[in-house]
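The values are calculated or read from the model by the stated rules, or taken from the named source; none is laboratory data. Fair warning: this is a prediction, and the values are worked out from it, not measured in the lab. With ideal geometry, Cβ positions are generated from the backbone for all residues, glycine too; neighbour counts draw on all protein chains shown. In case anyone asks, the SASA skips ligands and DNA or RNA and just uses the protein heavy atoms, side chains included. Shrake-Rupley method; radii C 1.70, N 1.55, O 1.52, S 1.80 Å.
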Number of protein chains: 6
Amino acid sequence: MSEEFGRFQDFREKMDKKILESGNKEIRRFLALDKNAYKEGTLSAETKELLGLVASLVLRCNDCVTYHLFRCISLGLKNEQLYEAFNVALLVGGSIVIPHLRKAFAMLDEIRESINQ
Amino acid sequence: MSEEFGRFQDFREKMDKKILESGNKEIRRFLALDKNAYKEGTLSAETKELLGLVASLVLRCNDCVTYHLFRCISLGLKNEQLYEAFNVALLVGGSIVIPHLRKAFAMLDEIRESINQ
Amino acid sequence: MSEEFGRFQDFREKMDKKILESGNKEIRRFLALDKNAYKEGTLSAETKELLGLVASLVLRCNDCVTYHLFRCISLGLKNEQLYEAFNVALLVGGSIVIPHLRKAFAMLDEIRESINQ
Amino acid sequence: MSEEFGRFQDFREKMDKKILESGNKEIRRFLALDKNAYKEGTLSAETKELLGLVASLVLRCNDCVTYHLFRCISLGLKNEQLYEAFNVALLVGGSIVIPHLRKAFAMLDEIRESINQ
Amino acid sequence: MSEEFGRFQDFREKMDKKILESGNKEIRRFLALDKNAYKEGTLSAETKELLGLVASLVLRCNDCVTYHLFRCISLGLKNEQLYEAFNVALLVGGSIVIPHLRKAFAMLDEIRESINQ
Amino acid sequence: MSEEFGRFQDFREKMDKKILESGNKEIRRFLALDKNAYKEGTLSAETKELLGLVASLVLRCNDCVTYHLFRCISLGLKNEQLYEAFNVALLVGGSIVIPHLRKAFAMLDEIRESINQ
C-alpha cells in the first residue's frame, strides 16, 4: 500500500483541474469557499483541520479523511492528538466508523513518510 | 421559544435517568465512554466540544447540536469562534445543514441567558 | 406526553390514506411491498421487526422507531430484549443515536399502556 | 396544522436575517451560492427545484422538503409531477423516507392554499 | 482507468442475475419497481434520471452515480446540463460530495466513449 | 475475486492490532464494548448478528456487511434467512443499498468456501 497516498494525490489534483476547466462557475466558487473554511481565523488552522477530519470520519468518506489527515500532519499535529479526535468520531459515529479508522491508521505512517521526504 | 432549552435539559436528564435505571449494563458503559471522550487530554476540552458540535451539525441532530453548544458556551467559547465552526460544518455538510444552523442560532442566545442566570 | 402515541397513529393513518388515494400506483406498490417485508417467513416476524427497529434507530427516524417499537411490543417482545437491540443500534450508530434512544424509552411505557387498554 | 407553513416561513425568514447579520462572511457567501444553484440555466428552474426536492427527501430534511415544495408549486408544477418525484425519492431512499412523504403530503394543500391567497 | 466502466457493467449484470436467481420474490419485485420509477411519465425520463443522479450524489454512492450518468448520457443530456445537476448536488450535500464528483468527472468521458462505439 | 475475503480479514486483523497498540485506551474500550454487543443474551447471537448485518446494509458499509455475513454464516444461518434480512434492508434503505447487496451476494459463496475449508 506504500504508494496509495501518492496515487490519491495525483488523482485528486488531476480531477480538480478537470473540474475547474469544465467551465461551471458555481462549482468553482464552491471549491474556493471550501478552501477558505480551513484558514486561520478566530479558530486556529489546526482546530479547523481537526473539525474537517472528524466531520469526514462521521460522514465516512475515506478520501476526505485522508486529505484532512494530510493537512493535520502538515500543520504539526501529533498522533496522540489525532487519536483523541478519532475517538470523538468513533463515539459520535459508532462502530460503522471503524473501517474508516482502520484506513486512517493505515494512511498515517504513509502520509508522515511522504511529508518527511 | 424562550423556555425551549429548559425543556430540552429536563427531558434529557429525566430520560438519561430512565435509561441508566433500565438495568442494561452495556448501554450504561457506552454512556460513560461517551462522556469521557470530551475530557481535557492532549486536545483541549474546548477543541473536543467543537469536534462534537461539528460532528452533530453534519449528522444533523438538533438535540446533539444544542447539547454541544451548551458545553462550548460553558467552556467560554465566543460566538465568532462558534460561527467559524458552523461554517466548516456548512461547507462539509452542505445546505441540508442550514435548518439545523437556524436552530443553532436560535438556541445561542437562549443558552447564554440560561448560563448567565 | 401521554397522548403522543395516539397522535402519531392518527396522523400516520390519515396520511397513509391520503397517499394511497393520490392515485400514484408505484408509491402504492412500494407501500405494499414494505408491509410484506415484515411477515413471518424463514425469519420470524419478531426477528424482522427487530431488524426494522435497529435499522430505524441507526438511520435515526423517530417515527419509524415508534412504529417498529409498537410492532415489537404487539408481538410480545420483552423490554430486556428491546434494550439489547437498542444496544446494538447504539454501538453501530454511535452517540448520535442517543436522542432517539431517549425518545424510544419515552414511548415504551406509552405504547404498552395503549396496547393493554 | 393549517398555520404550520406560515410559522415555518416566519422562523426561516427571521433566522436567515439573524444568520446574515452575524457578520460571518463565509456563511453569507454560502447562502448566496445556494440560492444561485436553482436559477434557470441549461436546466430549467422547475427541474432544478425538483432536484432540490428529491435530494431533500432522500436526505430526510422536512424543512428542506417544505421549502422546495413551495418553490415547485410556485413555479407551476402539478401534483402528479410532484408524486412522480416523490416516487423516485421513495425508491432511492427507501421506507425510511415515508414519514417525510407523509409530511410532504400534509404540506401540499397548505402550501397551495397559502399561494392562492 | 479506461476499462472501469466496462468492469462496472459486467459486475452489475452478473450480480443482478445472481440476485434474481436467488429465488427471493420480494427482492425481485423491488428491483422491478425500481426500474419503473425512471420511465417517462408526467415527468420526462431525462428529468427522472437527473433526479436519480442527484439523489445518488448526495447519498454518495459511486456505483449509483455511474449508472445514472450512463442513463443520462444515453438519453442525450449534455455535459453542461450534467454540471448544473452536479452543482445542485454539491450545494445540497456539501464538500463531502467532492470525491464522488471527481469520480463522476472521471467516468463522464469513459461513458461517452463506450456509448459512441 | 476469490481471495477478496482473505485480504479483507488480513487487513482487518493487522489494523485492529495497530489500533489496539496505539495506546489510546478509550478506543480500545469502545472496541471491547462493540464485541460484547453481539454475545448471546436475551436475544440470540444469531438475531444480534442479523441486526448488525441489516444496520450495516442500511448504513451502506461494505466491510461491516462482509464481517457480519461471516459471523451469520459461522453461526449457521442459511442463505434463505440472509435473503430475508437483505430484503428488510433493501426496503428500509432503498435502491441506494443495491450496490452493497450485489457485493454481499458476491461475498456469500466466498465466505462459505472459506469457512468450509
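For segment B:96-107, name all the residues that are within 9 Å of chain D (Cβ to nearest Cβ), closer than 18 Å to residue D:23 by Cα and aliphatic (A, V, I, L, M).
Within segment B:96-107, B:98, B:101, B:106 meet the criteria.
Taking the condition of being in a helix (DSSP H, G or I) and either more than 22 Å from residue C:52 (Cβ to Cβ) or touching a Gly at 6+ places or on another chain (Cβ under 7 Å) (or both), how many residues in segment D:66-95 meet it?
Final tally of qualifying residues: 20.
Restrict the check to segment A:76-89 and report whether at least one residue is among the polar types (S, T, N, Q), within 11 Å of the chain's Cα centre (by Cα) and open to solvent by less than 10 Å² (accessible area, probe 1.4 Å).
no
Would you point out the residue of segment E:104-117, among those that are in a helix (DSSP H, G or I) and over 14 Å from the mean Cα position of the chain (by Cα), that is nearest to residue A:9 (Cα to Cα)?
Checking each candidate, the answer is E:109.
Can you say whether residue A:23 is at positive phi, without any contact (Cβ under 8 Å) to a residue 24 or more places away in the chain and surrounded by fewer than 23 Cβ atoms within 10 Å (Cβ to Cβ), as far as the supplied structure shows?
In short, yes.
Failed condition for residue B:29, given (1) touching a Cys at 6+ places or on another chain (Cβ under 8 Å); (2) closer than 21 Å to residue F:26 by Cα, with all others met?
Residue B:29 satisfies all of (1) touching a Cys at 6+ places or on another chain (Cβ under 8 Å); (2) closer than 21 Å to residue F:26 by Cα except (1).
Of these, C:56, C:95, which one is among the polar types (S, T, N, Q), under 24 Å from residue B:34 (Cβ atoms) and open to solvent by less than 10 Å² (accessible area, probe 1.4 Å)?
C:56
With respect to residue C:113, determine if the residue is open to solvent by 30 Å² or more (accessible area, probe 1.4 Å), at pLDDT below 95, under 29 Å from residue A:92 (Cβ atoms) and charged (D, E, K, R).
It is false that residue C:113 is open to solvent by 30 Å² or more (accessible area, probe 1.4 Å), at pLDDT below 95, under 29 Å from residue A:92 (Cβ atoms) and charged (D, E, K, R).
For residue B:70, state whether it is open to solvent by less than 40 Å² (accessible area, probe 1.4 Å), among the aromatic types (Phe, Trp, Tyr), within 28 Å of residue D:61 (Cβ to Cβ) and in contact with a helix residue (DSSP H, G or I) (Cβ under 6 Å, 6 or more places away or on another chain).
So residue B:70 fails the test.
Exactly one of (1) exposed (fewer than 15 other Cβ atoms within 10 Å of the Cβ); (2) of a type outside the set (Asp, Glu); (3) modelled with pLDDT of 95 or more is unmet by residue F:103. Its number?
(1)
Residues checked against (1) without any contact (Cβ under 8 Å) to a residue 60 or more places away in the chain; (2) basic (Lys, Arg); (3) assigned to a helix (DSSP H, G or I):
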| site | (1), (2), (3) |
| --- | --- |
| A:43 | yes, no, no |
| A:53 | yes, no, yes |
| A:64 | yes, no, yes |
| A:99 | yes, no, yes |
| A:102 | yes, yes, yes |
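Can you run down the residue pairs with Cβ atoms below 6 Å, 6 or more apart or on separate chains, where the first is in segment D:79-90 and on the phi > 0 side of the Ramachandran plot and the partner is buried (at least 23 other Cβ atoms within 10 Å of the Cβ) and not small (Gly, Ala, Ser)?
none
How about segment F:9-41: which of its residues are over 30 Å from residue C:47 (Cβ atoms), in a loop (DSSP other than H, G, I, E, B) and either more than 7 Å from every other protein chain (Cβ to nearest Cβ) or of a type in the set (Gly, Ala, Ser) (or both)?
F:22, F:23
What is the number of the single condition among (1) surrounded by 14 or more Cβ atoms within 10 Å (Cβ to Cβ); (2) at pLDDT below 95 that residue D:50 does not meet?
Result: residue D:50 fails condition (2) only.
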